[in-house]
């Protein structure tokens, strides 16, 4: 039989379920909450991918970059290890603990490292520390066959696998982790089985993105962002959106709200009705950042160290609900995925197309 | 005894039962094909003079005429076509360089026809452009990647000079002189109504057309005809013409007989004198000299105009474009070798250059590899025949397209490829007053507006089908294209996959 | 008058000052190769010390006069429209390229392709005067206007390089010389200047002599040749229409 092409060798569109939870006060809570929310939307996934991102889960190592890495074989592991040793101080390394679940099979080797860039190497590279980590991550994912860095930020981590999301959460024993924000994702790829790396969230440095929908601007976005040193190895929408956010927010220092208005820009007819200053600003953004425009249906939740941002496409072709209760904010594809973990809400809100819903921590996380 | 070696390619077939001897066909033919035989009292034709422009057919009130291909033939030969043989006869008789016009009629691959467009099914919705927003507004020029704020934290919205188009289609350069006053007027008024641009070509700008300045690209070519500070300031953008797809590497020559009083005024050379555009710009012998000309024009116009550099698609076009992008140009226009011309040596037109599709793919890729695609916009021309060609060009990586032949056809051109004779029966490629008068500029403009509006509707339909509601999301979106019947190498150069993949 | 010590100022900055200043008279000192000085500008009187960069006075417009006390580089007066450029030293290549009006007076010599593709229309008649010697391809593609080469240090020897007047199809070239170039194309006809010819350049020679303090009698007391396009034998590609 012909070998079915793996994700990254081929582009696999997919539909999905997403969920995000944050404590504005920075109180940490168990990953079980995220599992319970995403479990409710079982029918929005098809067992071909699920995952979680937790922030504030490694307080004891918060000053180090936490790398979660998949290895397909020991050759990849050895090659990647020597790359890491060449570029970083390895503070700690271990297998990520998992439990056996009948529905989750074919797992790769899953490792976790706490690292900091080698000062001499960093100085030699003439890059900022963050850019150094980004380049190393992209380098491994693009060039070391069989190795895949799942996440690389500080005090955060991504846990994903091929399977239903609730099973994935159990597999990774997420009930044992606690963080101040969690996102979860259940995937519905339309093509051949996705693979572990292709599941969501997709993460780079401190950003992680869960996404629902299939964008029609994919290749316009991909070919543009790849000009700036990114490499879209997975060919997924989430990957390219993450890179665009990293480029605009981290590298170009553009605030997230403006980033949202670049990705999901208002229509010209809306811009024409704005006051003169706003009109010029939005025209400037659409004109100069034209190739960052994302079209087609999407809803995304972007996690970063200070908060969460939910964003819908400008036509609002995907569902997204936001609920608040005390200092907790919940975002999900379906309202019941919120109600199942927070039955009594203070308020419920349906973000408009192209309008970002941004929640930031009120206090610095300890 | 006079021997006629070259026989006419077409025959004028007249249905005598319909012909009413009104002699309109005779009056309308500048080539003197039709005449009235007083003895026989019938209209007859000297068909060896016929260029097959259909003027007589179109004006005949009783539909008595048709032009057919002659079945007169040489002995069948797979190696020697009729054209090969007759062109040898022509050159043997005259010793002349064969002169032709419009784009090559030879059967080179048209890659537009070997690419298919995608549409959404299930995983992503298609959009109805009639009822939902569908945007085609396009900006050409350098794109900034940084935002600066003023003291009130408002974005500083100054950009380098740009062009704003309501859709990514412009009329490309055709000089006043090569085409008529009325043709220019039709293009200028249509560009204004459509919210796009027309291009003066290298012939200066007629005083009557300064009012269309906001929709005008003024061209500076090697002959520098009609170029002075007021002219440079008159347009919205300045185009430096380095080359033309139909005749890469050679200049232009408008013979003195075409320099009429009016043409003489805009070119600013004496009436009846030859207008010679040398092959190169003699102040540009190297890429750093192009930078000198680009900045000379920017300084002269105080950085208010984007500078377009137009080149012919040739073998090493990727590297050339990269050099242009780095020399301060805001827009690069690439003209493919199937593009049209008012006159070009046949062998150059038919054999020099490369197809625009491959050139575009190579240039877009190269500029992205070098991380400078945002520094410059790409405009392509040279056989954009339909809205589908526009969509494919944008998806391959163009920011906009230039059309010329399509526009002329909208004005009545029948592609008889005889512009170089200067006797265009449709009033387009001529400076003969009575022929020129046949083209009504208002009607011409209306036809152009109709054509481009129809294309716009079709472009929106195709975008909607792909689930894309703004043109920028189509730009360089090569996943929306698949090749059909192309080799691995062709697919690699075009950067697309084959249909079925 | 505005005095500017240019030093290593960018050309953009320098032109912005010249363009925007209410003052119309400028004394530029210590110029170091800044390009496009006064490009496209009207009514500016500019004196330059040091070496101006390429395309000095490109597209120069009415009422402007640029005086350079030293040498100039390439493309001086490129596509110049009106006004005057006076050069006390030498010029590099392509001085007066596509000039359509105004005057360029060079006391010294000019490099390759001086006066290439100059053209005239109605009252606009560009004039290029070279005091000493011109390089090859002088007046290539000449379509109109007047080029004068005085050969002041040539002792009657031909003051131009090879391929003079190639492609010439309009205008006039005056050579103050006892001999003609050896390689003139057949499309160029020559004759000794007659009184009418000399009369036609009298004013410009007078101005040249005033600017650079020469004795005009010495200049006129020599032989002048006139080069013109051969109207009976124009360049003609032999075409056969298909």
Tell me, which helices (runs of 4 or more DSSP H) lie completely within segment B:198-317 with 2 or more residues that are closer than 19 Å to residue C:142 by Cβ?
B:261-267
Extreme residue, nearest to residue A:267 (Cα to Cα), among residues of segment B:472-495 that are part of a loop (DSSP other than H, G, I, E, B) and at the interface with chain A (Cβ under 10 Å from one of its Cβ atoms):
B:474
Could you go through segment C:11-22 and let me know if any residue there is in a loop (DSSP other than H, G, I, E, B), over 30 Å from residue C:227 (Cα atoms) and either touching a helix residue (DSSP H, G or I) at 6+ places or on another chain (Cβ under 7 Å) or away from chain B (no Cβ under 11 Å) (or both).
yes
Out of (1) out of contact with any helix residue (DSSP H, G or I) (no Cβ under 9 Å at 6 or more places or on another chain); (2) away from chain C (no Cβ under 14 Å); (3) without any contact (Cβ under 8 Å) to a residue 40 or more places away in the chain, the odd one out for residue B:296 is which?
(2)
Counted residues, segment A:292-311 - those being closer than 14 Å to residue B:146 by Cα and at the interface with another protein chain (Cβ under 7 Å from one of its Cβ atoms):
0
Output the number of the condition that residue B:374 fails; it satisfies all remaining conditions of (1) part of a helix (DSSP H, G or I); (2) closer than 23 Å to residue B:497 by Cα.
(2)
Every listed condition ((1) buried (at least 24 other Cβ atoms within 10 Å of the Cβ); (2) away from chain B (no Cβ under 14 Å); (3) farther than 23 Å from residue A:60 by Cβ) holds for residue A:187 save (2)
Look at residue B:401 and say whether it is assigned to a helix (DSSP H, G or I) and in contact with a strand residue (DSSP E or B) (Cβ under 8 Å, 6 or more places away or on another chain).
no
Any helices (runs of 4 or more DSSP H) falling wholly within segment B:15-117 and containing at least 3 residues that are within 13 Å of another protein chain (Cβ to nearest Cβ), out of contact with any strand residue (DSSP E or B) (no Cβ under 9 Å at 6 or more places or on another chain) and surrounded by 12 or more Cβ atoms within 10 Å (Cβ to Cβ)
B:82-94
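Taking segment B:141-183 as the region of interest, how many residues are farther than 30 Å from residue B:273 by Cα, in a strand (DSSP E or B) and either touching a helix residue (DSSP H, G or I) at 6+ places or on another chain (Cβ under 9 Å) or at pLDDT 95 or above (or both)?
Qualifying residue count, segment B:141-183: 6.
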Restricted to segment C:152-171 and to residues being touching a residue at least 40 places away in the same chain (Cβ under 8 Å) and crowded, with 22+ Cβ neighbours inside 10 Å, the residue nearest to the other protein chains (Cβ to nearest Cβ) is C:169
Can you tell me which of (1) farther than 19 Å from residue C:10 by Cβ; (2) within 13 Å of chain B (Cβ to nearest Cβ); (3) touching a strand residue (DSSP E or B) at 6+ places or on another chain (Cβ under 6 Å) is the one residue C:57 doesn't meet?
(1)
Residue ranges of strands (runs of 3 or more DSSP E) in segment C:70-175 with at least 3 members out of contact with any helix residue (DSSP H, G or I) (no Cβ under 6 Å at 6 or more places or on another chain):
C:84-87, C:103-106, C:143-149
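Only one of these is over 18 Å from residue B:377 (Cα atoms), more than 17 Å from the chain's Cα centre (by Cα) and touching a residue at least 12 places away in the same chain (Cβ under 8 Å): B:109, B:161. Name it.
B:109
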Residues that are assigned to a strand (DSSP E or B) and in contact with a strand residue (DSSP E or B) (Cβ under 8 Å, 6 or more places away or on another chain): does segment A:31-48 have at least one?
no
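The values are calculated or read from the model by the stated rules, or taken from the named source; none is laboratory data. It should be emphasised that the depicted structure is a prediction, and the values quoted were computed from it without experimental measurement. Counting neighbours? That spans all protein chains shown, and the Cβs are built from the backbone with ideal geometry, glycine included.
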